[in-house]
Each structure stands twice: as structure tokens, then as C-alpha cells.
Amino acid sequence: MKIRKNHKGKHYRYSVNRKTLNKTRSSTGKIKDPTLKKMWVEGQRVGTNFSEMGLAKDPNKAIAIPSYRKERLQAAKIVNGFVEEELDEEERLVLGIKKAPLVEGPKRLHVVEELEQLASERADPEFRLPKGVIKELSYFLNKYKFNYKAMVTDRKNYNQLTWRQFRLKLRRFMSIPEQFNVYLEQKKLPAGVKPDWPEYESDSEWK
């Protein structure tokens, strides 16, 4: 007895633009970085473009994890005479063997140098707090000022922070002028000055 197969009828999708679909499938995507776009060679493979610029397409291949098994196999082959051991320059001169051909570096190495220069210029060494954390700390400051004991018992203390953790977070927030000054301006307080509020920070007060 044969099993009956239900074949779904094929329908032509009139809503699909075949020209756009083919371009999307065959395209490798738009290059947004101007430095890479300027040096990219159209019609060349992605891997070739990357290797010529001194970049890596696949980091796992560029910096492979060392394999102990492969090293032991290579050593065993050298010992058994299957593979010749690499000779030093002095040994090559004695045996009269020519130097091995030097491996040429990337053709467009200046691309990497330009990218490194751009990265160093754009790098921001200063630490910034996320917007969500600032919103949370602003809420506690508005409601309790520096009363860390009251912050602990608040129903919005979802992370169950201790009073010491609240104090540490708020001090970190106040140490970033660019973000804390915005909060002070909203509260119409002098910028760059810590508010003159009583601070509950001693262990003796936590009872």
C-alpha cells in the first residue's frame, strides 16, 4: 500500500519584485565605512580584499586555537623522517641551500593604519552610565536625596540593592560631570557642585 503524499500547489507570487530580490541575494551588502569603501576592489572576492588590506574575514582562521595534537603529530613526523625539520640560516649556508622565499605582507597595509588612527581618535576613555541607570538613580535622588536607608525599602528597588550599593552607584553618577550636570540643570541646581543634602553613610545609622 502506497503512502499518499499531499503536495502543496505552487503559486506565483505577484507581489515580489524579482529584479530587487536577485540584487539582494547576489549583493554582498553596502560598505558604510568610507576608508574601506575607497580601497575596496569591486569584482574581487571578500576574502582576497580583506587579506590584501591586512584584515581578517574569519578571526578563527586568523588567530587559530593552538592544537596540542597537531604539534605532537608534527614532532612525530620530524622524528620519523617524514618531514624535514626547519633549518637555521647558518645550517642553510653550510648545506648550500637557498633562503626560503619571504612571505610578502598585505598589499594595502595602509588601510589598517588609517583604521587604527580613526579608532584612536574616536575612542572615548571616560566611562558613561546607561540611560536606564541614570533614570533609576534620578528617581531615587528626587525622592530620597541621599537617604540610602529609605532607598533600600522602596518598592522600585527591583535589584534589591543594599544601602552601600546605592551610595557607590550615586557617587559614580556624581563623578561624571557630563551626565550629572544635566540632572542638576533639570533640578535648577548649580552645575558642578554637589547638592547640600544630608548624607546617611555611616554604619552606625544602619540599624
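Cβ-Cβ distances below 7 Å connect no pair with a first residue in segment 12-33 that is of a type in the set (Lys, Arg), a second residue that is modelled with pLDDT of 80 or more and open to solvent by 90 Å² or more (accessible area, probe 1.4 Å), and a separation of six or more residues or different chains.
Do you know which residues across segment 27-70 are among the aliphatic types (A, V, I, L, M) and either open to solvent by 100 Å² or more (accessible area, probe 1.4 Å) or part of a loop (DSSP other than H, G, I, E, B) (or both)? Steps first, answer last, please.
Filtering segment 27-70 down to residues among the aliphatic types (A, V, I, L, M) leaves 31, 36, 39, 41, 46, 53, 55-56, 62-65.
The answer is 31, 41, 53, 55, 56, 63, 64, 65.
Kindly establish whether residue 141 is assigned to a loop (DSSP other than H, G, I, E, B), surrounded by 15 or more Cβ atoms within 10 Å (Cβ to Cβ) and of a type in the set (A, V, I, L, M). Show your work before the answer.
Numbers: assigned to a loop (DSSP other than H, G, I, E, B): no; surrounded by 15 or more Cβ atoms within 10 Å (Cβ to Cβ): yes; of a type in the set (A, V, I, L, M): yes.
Criteria not met by residue 141.
Does residue 146 satisfy the condition of being in contact (Cβ under 8 Å) with a residue 12 or more places away in the chain and not in a helix (DSSP H, G or I)? Explain how you work it out, then say what you get.
Details: in contact (Cβ under 8 Å) with a residue 12 or more places away in the chain: yes; not in a helix (DSSP H, G or I): yes.
It is true that residue 146 is in contact (Cβ under 8 Å) with a residue 12 or more places away in the chain and not in a helix (DSSP H, G or I).
In the set (1) assigned to a loop (DSSP other than H, G, I, E, B); (2) free of Cβ contacts under 8 Å to residues at least 12 places away in the same chain; (3) surrounded by 16 or more Cβ atoms within 10 Å (Cβ to Cβ), the condition left unmet by residue 184 is number (1).
The values are calculated or read from the model by the stated rules, or taken from the named source; none is laboratory data. Everything quoted here is computed from the prediction, not taken from an experiment. Cβ coordinates were reconstructed from backbone atoms using ideal geometry, including for glycine residues, and neighbour counts include every protein chain displayed. These area figures cover heavy atoms from the full protein model, side chains too; ligands, DNA and RNA do not enter into them. Shrake-Rupley method; radii C 1.70, N 1.55, O 1.52, S 1.80 Å.
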